[in-house]
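S.K.: Handing you a structure now.
The values are calculated or read from the model by the stated rules, or taken from the named source; none is laboratory data. Being a predicted model, the structure only gives us computed values, none of them experimental. When we count neighbours, we look across all protein chains shown, and the Cβ atoms used for this are built from the backbone with ideal geometry, even at glycine. Calculation scope for accessible area: heavy atoms of the full protein, side chains included, ligands and nucleic acids excluded. Shrake-Rupley method; radii C 1.70, N 1.55, O 1.52, S 1.80 Å.
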Amino acid sequence: MATEEALSNGNETDWSDRYYHIDQILDKPGPRTDPSFLAGEEVKRFLRETCKILVIGAGGLGCEILANLALSGFKDIHVIDMDTIDISNLNRQFLFRPKDVGKSKAIVAAEFIMNRVPGVKVTPYFGRIQDKDEEYYMQFNLVICGLDSVEARRWINATLVHMVDPDEPESLKPLIDGGTEGFKGQARVILPTVTSCYECSLDMLNKQTAFPICTIANTPRLPEHCIEWASVLEWPRVFKDKKMDTDDPEHIGWLYKTASSRAKEFKIEGVTWSLTQGVVKNIIPAIASTNAIIAASCCNEAFKIATSSAAYLNNYFMLIGTDGVYSFTFEHQKRDDCPVCGGQAITVNVSKEWTLERLIEMLVEKQDVQIKKPSLATPKRQLYFQAPPQLEELTRPNLEKTLSELVDDGEYITVTASSLPFDLTLQVKYD
Amino acid sequence: MSAVSESQDIEQATAAIQPPDNKTRRYDRQLRLWAASGQNALEASSVLVLSSSATLTAVLKNLVLPGIGHFTILDSAVASPADAGNNFFLAGPSSIGKPRAQEATSLLRELNDSVEGEAILKDVGEYLKTDEGRAFISSFSLVITHNLRKDTLDELSRFLWAGFNNPPLMVVRSAGFLAEFFIQYHEQCVAQPHTDENVPSLRIVRPFPALTKWASELDLDSLDPTEHGHVPFVIILVKAVGEWKDSHDGKLPSTMPERKEFKEHVVAMRKKIDEENFDEAEAQAWRIWSDPPVPNAVQSLLTLTPLTTSMSPNTPNAIFHALLQTLNAFVAAPNGPGCLPLSGALPDMRTDTESYVKLQTAYKERAAFEKARFKELLKEGFPALAPTIDGEEIDTFVKNAHHVRVLRGQRWSEWDADKEALASSLSSSPRETATHLALSALSTILNKTPDGSTVTVEALRTEVQKLVGEGVELPEEIGSAIGELARAPTADLPNTAAFLGGMVAQEAIKVITKQYVPVNGYCVIDMVDMWTGTICG
Ligand SMILES: [Zn+2]
């Protein structure tokens, strides 16, 4: 047990007045602070000596998050990122320099923080979040997510919801999630099983523009149509199974050239390198300032939750910075039929005449489901399986059958997909 | 040809194509937001900040990364142990005792080789009292302060406000979880707002000759089913409007039943139930009743009196006002279209390639024709100024004519002298106004005792009451705000600093690039309940 005197210094790397600013908050409550706040040494000790926090993503948001947490007094920080540094990161990912291009984001970021902010331990993991199991995630008090991938967020969200054991309060890990796009962004606090979760709000995501294949193949009008033609139709035709690498300038160069000649043939203007790259990589514009705002909101919530020094966000903060500063703070509601935290099946109203294939297409399109390559089964039979190949072949004939041949009214269908760590249950109701 | 031999060809096939240079690659994600024109404006800008607090270094970080031209930190302070604890752009305890601005400048410059940065170790208050200092401060594109002493800030804001050519001033104040910022400017002219509330007109109700010709020569009945399913919705609507007008005394559908009838007429024109181009025409019919010659917001700008009579190229916004006045002349010209010039942009629509390209060409040609008319009028109206205007600036203006914006501002703290306005704002936006008043009260108290030792809830309440006037009842939001300030009167929290760093840099970028719309008024921030709001806008 540390003595009071040692505590006032925190540990040996803390200098007197290091936390002059933060301690003004931690030494006394404000008018809106919960009475459970333990002002003074106890809360400082928890924050600086006990609290363990996980940061997922060391990119645009992640770099900001790590710096803010370190200055806020979190001293045991872990960070996971599977990416390496690209030159296009340098306009905002401020812990990286040109010499770092090609290196692991997690490792470079961790080293930078430890150099700049003495006494903070940052443990990097250069890999995928899916590599880690529940035991790993159980060690943290809080998780902050600064990712650009919907799939990874769905995975960590489902994992943390699944980990909650009502008899073990410690098993509930608050998840703070941030995201940005250009001048817009959002930050939210998810208390798994208590508040709405990431999956509950899936329908709030912007729908990606998908061009109909017939437009791409037959009636191109925009430069984007020519680029899609090059990447979706021409690349597999010319290169067969060779995988397209959108980070390879030669591959982008080929797509650019192929799209340009198609555009020329159809007298369409506007195919550029930048547009080609934007379309095939689905690039989302990103700037330092928006990331700074959203990362700061996330870390502020982490600080408030870890210390109870002020109420935390309930539960969604949305920012639009294009026309002045417009923001909206609201409580996003939990969905009873959320496949992750709701427990109720999703009801789908369909026509008896639909084929199984049409139902699958609907699931892929549906905003609140967004599932890629789903496999479907009822308790009685396998409807369609994506893999293994034998099973796929065996169930393929079902695709053309009408639903009424396969599923009774009111029957449940279990939907699985390799990209999701949970099963969806649908209840089919015929119109 | 086999996949293998083709894949070997990829190198040859792309040999002549040069990927973008390193600078373009580095800035790729932001060029998608503000393009080369915005980037050039950033690179030509120079920003002065009047402290190296955690908040202002966070602001600078977000300006150095996207590549402003130059920054200067004017700050005589020596880094304290507290600074070394909350500022990411100081090197921890090794910076303690060294000039704060110098330490921060070197760490900020590491972020981007192409940005110049300098530290000037002078006291702002004293420097402002010299001619040299005032000339220096006013030589920047933008000046930003954070928690600057109230009397110095007052002097600075009056000085910068007095000269129409002086740079805008961004005033940032924060303590603990509460903050606000204000941009002092006479006028901001936004040539590219990037807002999507107004779409450019497609001229369906005021068709130009090529559209009229196409629509009138089109005999829908004679088309084969494929052609019929590919007639662009614009042409369908031009034709339908023509037919409607012929049978309605030349009037457009205006009442709800008429609009419904018009849509039914469009639907009846189709041959098959699944013709998507006709569905699109029905869905786009709103363009017919939402297409004024000039949108309301722009109409009021056409006759806006410039703030200064000088129309020299060096006068801020002189060119923009010349363009606005030319726009007015264009709309009024008897031989013109009687509306804003055509933007030339055409949305995607259900049609075949040939029809789309033909339609796009027609729009581009017409837009070029009208822009040429616009330029003639510009030359007539402003013979001296016109030759100095960059062609690209005119292109951008004409393309965005349907939503250009002009914001007019006021001097920092002028609003605080208007007791009536404060009281009314306090009842309409209590939490934002309460936080603003509490921060004003705090800076009054800190002006006398900068260490915060005299800041109490009672002292703050007394100052707030003075601001709004005795007798005005203070809402409970005042209590929430002053309580937080009394708790942490001098705290520059890392997260609040980082949040402001993002917000203020974002607004600075808007002001510098004249793209996107900056804040007008006081943007107030509460990081306890996590909200932002703008008052006095
Ligand atoms: Zn949920």
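S.K.: Starting from the residue with the highest accessible area, list B:379, B:61 in decreasing order, probe 1.4 Å.
M.R.: Largest accessible area first, the residues go B:379, B:61.
S.K.: What's the angle, to the nearest 10 degrees (0 to 90), between helix A:356-365's Cα axis and the longest principal axis of chain A?
M.R.: Orientation of helix A:356-365: about 40 degrees from the principal axis.
S.K.: Determine the shielding of peptide B:21-34 by partner chains: average, over its residues, the number of Cβ atoms on other chains within 10 angstrom of each Cβ.
M.R.: Mean partner-chain Cβ count within 10 Å for B:21-34: 6.
S.K.: Out of A:208, A:390, A:344, any idea which swings most in a Gaussian network model of chain A, alpha carbons joined below 10 Å?
M.R.: Fluctuation is largest for A:208.
S.K.: Using a cut-off of 27 Å between alpha-carbon atoms, which lysines can reach residue A:207, once sequence neighbours fewer than 8 places away in the same chain are excluded?
M.R.: The qualifying lysines are A:184, A:243, A:281, A:334, A:366, A:372, A:373, A:429.
S.K.: In Å and from the alpha-carbon atoms only, list the Rg and Dmax of the range B:415-487.
M.R.: Using the Cα atoms of the range B:415-487, the pair Rg, Dmax is 11.4, 34 Å.
S.K.: Further question on the same structure: In chain B, what percentage of the DSSP-assigned beta bridges are antiparallel, given to the nearest 5?
M.R.: Beta bridges within chain B, antiparallel portion: roughly 55 percent.
S.K.: Quick check on packing: order A:94-100, B:443-449, A:157-163, A:335-341 by the mean number of other C-beta atoms within 10 Å, highest mean leading.
M.R.: Final packing ranking: A:157-163, A:335-341, A:94-100, B:443-449.
S.K.: Additional query: Give the average, rounded to an integer, of partner chain Cβ atoms located within 10 angstrom of each Cβ in B:343-350.
M.R.: Per residue, the average neighbour count from other chains is 2.
S.K.: Separate question: Using alpha carbons only, how many degrees (0 to 90, rounded to 10) separate the axis of helix B:494-513 from the longest principal axis of chain B?
M.R.: 50
S.K.: Another one. Among B:517, A:127, A:55, flag the residue with its Cα farthest along the positive direction of the charge dipole of the protein assembly as shown, charges on Cβ as +1 for Lys/Arg and -1 for Asp/Glu.
M.R.: B:517
S.K.: Set Lys and Arg Cβ to +1 and Asp and Glu Cβ to -1, take the dipole of chain A about its Cα centre, and tell me which of A:255, A:149, A:46 lies farthest positive.
M.R.: So the residue furthest toward the plus end is A:255.
S.K.: May I pose another question? Straight-line reach only, C-alpha to C-alpha below 12 angstrom: list the aspartates and glutamates that residue B:263 could link to, leaving out same-chain residues fewer than 8 apart.
M.R.: Counting by Cα, and skipping residues close in sequence, residue B:263 has these aspartates and glutamates nearby: B:279, B:280, B:282.
S.K.: Could you give P(r) for the protein assembly as shown, binned at 20 Å from zero, as whole percent values over all Cα-Cα pairs?
M.R.: 12, 39, 37, 12, 0
S.K.: Amide H to amide H, which residues 5 or more places from residue B:144 or on other chains are under 5 Å from it, using H placed in the peptide plane?
M.R.: Placed amide hydrogens put B:48, B:49, B:50, B:170 under 5 Å from residue B:144.
S.K.: Per the Kirkwood formula on distinct C-alpha pairs, the Rh of chain A is how many angstrom?
M.R.: Mean inverse Cα-Cα distance, inverted, gives 24.4 Å.
S.K.: If the elastic network links every pair of Cα atoms under 10 Å, which of A:416, A:355, A:180 fluctuates the most in the Gaussian network model of chain A?
M.R.: Sorting by GNM fluctuation, first place goes to A:355.
S.K.: From zero up to wherever the largest Cα-Cα distance of the range A:279-351 sits, split into 10 Å bins and tell me the percent of pairs in each.
M.R.: Here the calculated profile for the range A:279-351 is 14, 28, 30, 23, 5, 0.
S.K.: What number, in percent, do you get for the relative contact order of the range A:6-124 if the mean sequence gap of Cα pairs under 8 Å and at least 6 apart is divided by its residue count?
M.R.: 24
S.K.: Starting from the amide H of residue A:127, placed 1.01 Å from N in the peptide plane, find each other amide H under 5 Å away whose residue is 5 or more places distant or on another chain.
M.R.: Distant-sequence amide H within range of residue A:127: A:81, A:82.
S.K.: Here is a further query. Rounded to whole Hz and in sequence order, give me ³J(HN,Hα) for the range A:260-272 from the Karplus expression 6.51 cos²θ - 1.76 cosθ + 1.60, θ = phi - 60°, writing x for Gly and Pro.
M.R.: Calculated HN-Hα couplings, in order: 4, 6, 5, 4, 5, 4, 9, 6, 9, 9, x, 6, 10 Hz.
S.K.: For residue A:179, what residues show an amide H to amide H distance below 5 Å, using hydrogens built from the backbone and excluding near sequence neighbours?
M.R.: The answer is A:186.
S.K.: Still on this structure, I have one more. To check you understand DSSP bridge types, tell me what percent of the beta bridges within chain A (both residues inside) are antiparallel, rounded to 5.
M.R.: 55
S.K.: OK, next. Using Cα springs under 10 Å in a Gaussian network model of chain A, which residue among A:76, A:131, A:14 shows the largest mean-square fluctuation?
M.R.: Sorting by GNM fluctuation, first place goes to A:131.
S.K.: Local charge sum around residue A:103 (other residues, Cβ-Cβ under 14 Å, Lys/Arg +1, Asp/Glu -1)?
M.R.: Net charge in that neighbourhood comes out at -2.
S.K.: Taking Cα pairs under 8 Å and at least six residues apart, what relative contact order does chain B come out at, in percent?
M.R.: 21
S.K.: Here is a follow-up. Just going by the charge dipole of the protein assembly as shown, with Lys and Arg at +1 and Asp and Glu at -1 on Cβ, which of B:385, B:67, A:325 is farthest out on the positive end?
M.R.: Farthest towards the positive pole: B:385.
S.K.: OK, next. Hey, got the dipole for chain A? About the Cα centre, +1 on K and R Cβ, -1 on D and E Cβ, debye to the nearest 20?
M.R.: Around 1220 debye, computed over chain A.
S.K.: Report the local net charge at residue A:63: Lys and Arg +1, Asp and Glu -1, summed over other residues whose C-beta lies under 11 Å from its C-beta.
M.R.: +1
S.K.: Taking a threshold of 21 Å on the Cα-Cα distance, which of the pairs A:105/A:132; B:271/B:364; A:103/A:173; B:260/B:358 fall above it?
M.R.: Listed pairs above 21 Å: B:271/B:364; A:103/A:173; B:260/B:358.
S.K.: Within 10 Å of each Cβ in B:481-493, how many Cβ atoms from other chains are there, averaged over the peptide?
M.R.: Partner Cβ neighbours, averaged per residue: 5.
S.K.: Next question. Add +1 for every Lys or Arg and -1 for every Asp or Glu among the other residues with Cβ under 11 Å from the Cβ of residue A:178, and state the total.
M.R.: -2
S.K.: Once phi is turned into ³J(HN,Hα) by the Karplus curve 6.51 cos²θ - 1.76 cosθ + 1.60 with θ = phi - 60°, what whole-Hz value does each residue of the range B:70-80 show in order, with x for glycine and proline?
M.R.: 8, 9, 10, 9, 9, 6, 9, 6, 9, 5, 9
S.K.: Share of antiparallel DSSP beta bridges in the range A:346-430, in percent to the nearest 5?
M.R.: 65
S.K.: Only sites in a loop by DSSP and with at most 16 other Cβ atoms within 10 Å count here; which chymotrypsin sites (Phe, Trp or Tyr not before Pro) in the range B:106-205 make the cut?
M.R.: B:164
S.K.: For the range B:415-487, with only Lys/Arg (+1) and Asp/Glu (-1) charged at the beta-carbon, what is the dipole magnitude about the Cα centre, in debye rounded to 20?
M.R.: 180
S.K.: Given +1 on the Cβ of Lys and Arg, -1 on the Cβ of Asp and Glu, and no further charges, what dipole in debye does the range B:9-127 carry about its Cα centre, rounded to the nearest 20?
M.R.: 220
S.K.: While we're here: Per residue of chain B, what 222 nm ellipticity follows from adding -39500 (n - 2.57) for every DSSP H run with n ≥ 4, rounded to the nearest 500?
M.R.: -15000 deg cm²/dmol
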